[in-house]
Amino acid sequence: MTTASFDHARSTNRRNQKTKSRIDRFSNLPTEIAHDILSRLNFKDLTRVGCLSKRCREFYISTPYLNFHDLSGVDTSTRLKNERVLDSLSRFFVQRGVHHKIQCFRFRWDLWVDLDDGDDDDDDCDVYFQSRLREWIEIAVRCNVEVIHLVVIPNNTFGDLPASLLHCKSLKSLTVDMICNISVVPSMDFSSNLECLRLKDVSIKNDGDRFLKWISGCCTSIKELLLEDCAGVNNLVIESSSLESFCYQSHEYNDGCHVNISGDRLEKLHFVEPIGRKTNRLVNISAPNLKYLEWIGEFSNRQNLGNLMFLEKAVICSSPWNCNFDVLFDFLCSIRKVKLLFLDPDTLELSFISHAKKVVIHYKFRSNVIEFAYYILEHARDLEKMIIYYPHGSEVLNAVMKLRTTAMSKGIHFHKIVTHYDFQVIRSLVRFNLW
């Protein structure tokens, strides 16, 4: 080979290598794989990808994963900039049309921004935002959406959610975390495919009991239900053969709200209400396969939590001056096989079982922990060790020493430890491990 021929071959090889390095491999990916990759991007990065090539724009327009919950890098600091962002999102929905399926629509919007840019009419911005979000929800429903996740940190109420949202047959998971209303409850003839429903700060208008009845009777695939600070629920009645996890939390006390929860598949139950008021409400829990229980609130005189033979972990918190110990003791007898029981925020934390070998107790002022410790000594026949934590300088020291004498007379190792730990810290740690 001559020198000229060799130089020509080498030059050709270099050009081929540069051409290969410029090949757009992403555009040649199957659509499903490209969509899966794009599902990990926020809207700003997704838009950038859509500008790379014609094929990338097709991926951008047709992506079934609309992740608008992360608007990092997007300036929404003024009312005008808010409207520009909303307009940009609306243009995207117009471009993609309604013939592309939406698998998931996640949206988060923070309205706690400085909207004072010389225009005092900030309510117009709220109305503009609300109309846009309603429009996008309607489009998602028409595109057979399966997952909707809405979080709005508001200045005021959003108003009514679109009625089509709960009537969406394709919807499997719905999360709504914003001040809004559900004014139209589907009829009992409409069968929903919802598997997960989480509502926070949502008001059920007209008939909250009918809404829960619809969930119990028509959401036959429901597995997870969360109701947090949801107004309009008169009686908490849930009867479901498919429900596996139920969480009810309210910062307002409602003694007139009776509780009736029934489910053979229910494994996790959270019930959280303000502590400090006696209650005479009717509470009936029928969940024979329950494994995890958190009950933060008062024990009613008419309370039946059933025979929970499969319960593994429980958190029971009630004020010591309002606690009905007859009801509480009956409950403890029904969970003799529990592995961990966290009882009363002002009394104790213990690993409790009728055959327990070790008990850990945390004392706090105005509690009746000593009384209950004697109860444990009487009923935990296999007990080998008891440890009690009490605050420095506590007046309970004499009672602790008498308890120590009783425990040691039964051959039980007894340890008393002075502590400065706060109960809320302890409870948060246990709750983290529990759920």
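The values are calculated or read from the model by the stated rules, or taken from the named source; none is laboratory data. Every value quoted in this text rests on a predicted model; they were computed, and no experiment measured them. These accessible areas exclude ligands, DNA and RNA; they are computed on the full protein's heavy atoms, side chains included. Shrake-Rupley method; radii C 1.70, N 1.55, O 1.52, S 1.80 Å.
Figures for the structure shown
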item: Binned Cα-Cα distance frequencies in segment 221-322 - 10 Å width, integer %; result: 15, 52, 31, 2, 0
item: With all protein chains modelled, accessible area of V418 [1.4 Å, Å²]; result: 70
item: Long-range amide H partners of T175 with built H, under 5 Å; result: I148, H149, L150, R198
item: Semi-axis lengths (Å, descending) of the ellipsoid that matches the C-alpha gyration tensor of segment 153-280; result: 22, 19, 13
item: Amide H contacts under 5 Å for V272, placed H, 5+ residues apart; result: Y248, Q249, S250, I296
item: Hz values of 3J(HN,Hα) by residue in segment 127-138 - Karplus curve (6.51, -1.76, 1.60), Gly and Pro given as x; result: 5, 5, 4, 4, 5, 5, 5, 4, 4, 5, 4, 4
item: In sequence order, calculated HN-Hα J values of segment 28-45 (Karplus, 6.51, -1.76, 1.60; Hz; x Gly/Pro); result: 8, 6, x, 4, 4, 5, 4, 5, 5, 5, 5, 5, 8, 9, 7, 5, 5, 5
item: Size-normalised alpha-carbon gyration radius of segment 179-220, reference 2.2 N^0.38 Å; result: 1.12
item: Nonlocal amide H pairs with V237, under 5 Å, H built at 1.01 Å; result: N260
item: Kirkwood-based shape ratio for segment 129-211, expressed as Rg/Rh from alpha carbons; result: 0.93
